[in-house]
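Working notes for the structure below.
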Amino acid sequence: MRVRRFVGDNVAETMGKVKRELGSEAVILQTREFREGGFLGLFGRLKVEITAAIEENPVAAVKPPTPNYAYHVKDVKLPGTEPVSDTKGPSGDIQDELQHMRLMLEKMNKHIEGLGEEKSNWPPILQRWADHLQNRGVNKNLVKCLIRQVQKTLPEVEWGDDLQVYARIEANVRQICGQTGLIQPGLEKPRIVALVGPTGVGKTTTIGKLAAGFSIVDKRKVALITADTYRVAAVEQLKTFGEIIGVPVEVVMTPSGLREALDFHADKELIFIDTAGRSPNHELHMSELRAFLDKAKPDFTMLVMSATTQSSDQLQIYKRFEALATHLIFTKLDETLSAGSIINLLEQTTIPTAYLTNGQNVPDDIDAATPSRLAYYALGEEMPNA
């Protein structure tokens, strides 16, 4: 028996390799998913590994094309069995196991063959819209829902009208993105706004944009506090922002120091807190973050997420920060062509989106989140090719 290991980006691709290398008679011994690359388990590419086997000298069938599955098994341990030697045919247990594996292989082969059929379910005139949505990063299930809604609500004679189809899709995307909410300054006491999230998503730049907008444009009394003492560059960046816009900046090292800084700026209308980027997979980091937030008791805790992060990782990050966050902020929308991934997340969340950033310019390149603006970024400016 020859045993081979195959790796691919998904089940279909990996099973295709099995089929090409070992043929349709191969037996699946094991399948697993793992992440390749990335940092601390984050942002790695999801891979599929399949271990398959084929009998190198199978017993010939008496009447082709009826297959014969009576393998000669020697010194091979299959899952749930002990090695068998010098046998004339498989035992009942082994035969059941082989039959089970055979059925599993046939099911996966049908899945592979059916992948091409799924695409043909849509009329060609709507298929290009399905392709466009998937290219924008929208997951397949959501694409199906959006295209089906077009079929249900738009007469077939109008499927070729791009403006009509776009309007129907955009209306449904706006419904998915309907939860939005902005920061409101305090009246009798300051509103405290903390920004949290993983490293590299642009929290410090976003705080600079928010502080500049409220202090310069809205003429509000604002203070900045940074608890991100892990990165000297972040502290210096925030101090620079503060000097430019005329806003005081405090640097704190401990949760109790944070509380003192908040009390010192009790005369302000808004206080923004920049926290250190935290790995959602590192429990110690998350515990430290919770300790700061417990002292600050923020009115708004904004989870900052990059639109360039792949969809599965966005969901993982959200689930780890969900208990802390009251609002979402999506950044780097100018750096991706697949911003549709944000609606994959929004479809599964209940907390509102507050702001969207699309560049490095301070105080520009930030928008208040609205359902229409979210739909615009998710669907893109270009229509699908005819």
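The values are calculated or read from the model by the stated rules, or taken from the named source; none is laboratory data. The structure presented is a predicted model; accordingly, all values stated were derived computationally and were not measured. Counting neighbours? That spans all protein chains shown, and the Cβs are built from the backbone with ideal geometry, glycine included.
Taking each residue of the range 139-166 that is assigned to a helix (DSSP H, G or I) and looking for partners that are modelled with pLDDT under 90 and aromatic (Phe, Trp, Tyr) with beta-carbon atoms closer than 8 Å, six or more apart or interchain, yields Ile147/Trp122. Just a yes or no: is a residue in the range 349-369 surrounded by 19 or more Cβ atoms within 10 Å (Cβ to Cβ), part of a helix (DSSP H, G or I) and touching a residue at least 60 places away in the same chain (Cβ under 8 Å)? Within the range 349-369, none of the residues are surrounded by 19 or more Cβ atoms within 10 Å (Cβ to Cβ), part of a helix (DSSP H, G or I) and touching a residue at least 60 places away in the same chain (Cβ under 8 Å). Among the residues here, Ala234 qualifies as surrounded by 14 or more Cβ atoms within 10 Å (Cβ to Cβ) and closer than 22 Å to Ser287 by Cα.
Among the residues of the range 235-253, those identified as touching a Ser or Thr at 6+ places or on another chain (Cβ under 9 Å), on the phi < 0 side of the Ramachandran plot and without any contact (Cβ under 8 Å) to a residue 60 or more places away in the chain are Val235, Gln237, Leu238, Lys239, Val247, Val249, Glu250, Val251, Val252, Met253.
For the range 209-227, the criterion of being over 18 Å from Leu182 (Cα atoms), of a type in the set (Val, Ile, Thr) and touching a helix residue (DSSP H, G or I) at 6+ places or on another chain (Cβ under 6 Å) is met by at least one residue. For Thr205, the requirement of being in contact with a helix residue (DSSP H, G or I) (Cβ under 8 Å, 6 or more places away or on another chain) and in the same structural domain as Thr336 (by TED's automatic domain parsing) is met.
Number of residues in the range 183-204 that are surrounded by fewer than 15 Cβ atoms within 10 Å (Cβ to Cβ), out of contact with any Gly (no Cβ under 9 Å at 6 or more places or on another chain) and more than 23 Å from Ala266 (Cβ to Cβ): the value is 0. Tell me, which residue of the range 205-227 that is out of contact with any Phe, Trp or Tyr (no Cβ under 8 Å at 6 or more places or on another chain) and not charged (D, E, K, R) is surrounded by the fewest Cβ atoms within 10 Å (Cβ to Cβ)? The residue in question is Val217.
When you check Thr254 against the structure, is it of a type in the set (Val, Ile, Thr) and surrounded by fewer than 17 Cβ atoms within 10 Å (Cβ to Cβ), yes or no?
So Thr254 passes the test.
Just so you know, in the range 1-34 the residues that are in contact (Cβ under 8 Å) with a residue 40 or more places away in the chain and over 32 Å from the mean Cα position of the chain (by Cα) include one that is farthest from Lys140 (Cα to Cα), and it is Met1. Residues that are touching a Phe, Trp or Tyr at 6+ places or on another chain (Cβ under 6 Å) and exposed (fewer than 15 other Cβ atoms within 10 Å of the Cβ) within the range 1-22 are absent altogether. Residues that are closer than 20 Å to Lys295 by Cβ, in contact with a Gly (Cβ under 8 Å, 6 or more places away or on another chain) and modelled with pLDDT of 90 or more within the range 212-256 comprise Leu224, Pro248, Val249, listed in sequence order.
Of all residues in the range 319-341, those satisfying the criterion of being crowded, with 20+ Cβ neighbours inside 10 Å and of a type in the set (Ser, Thr, Tyr) are Thr331, Ser341.
Scanning the range 173-185 turns up no residue that is free of Cβ contacts under 8 Å to residues at least 12 places away in the same chain and farther than 30 Å from Thr308 by Cβ. Is it true that some residue in the range 279-286 is aliphatic (A, V, I, L, M) and in contact (Cβ under 8 Å) with a residue 60 or more places away in the chain? The answer is no, given that none of the residues of the range 279-286 is aliphatic (A, V, I, L, M) and in contact (Cβ under 8 Å) with a residue 60 or more places away in the chain. Of the helices (runs of 4 or more DSSP H) entirely within the range 237-346, those holding at least 2 residues that are within 17 Å of Ile225 (Cα to Cα) and in contact with a helix residue (DSSP H, G or I) (Cβ under 7 Å, 6 or more places away or on another chain) occupy 255-264, 283-296.
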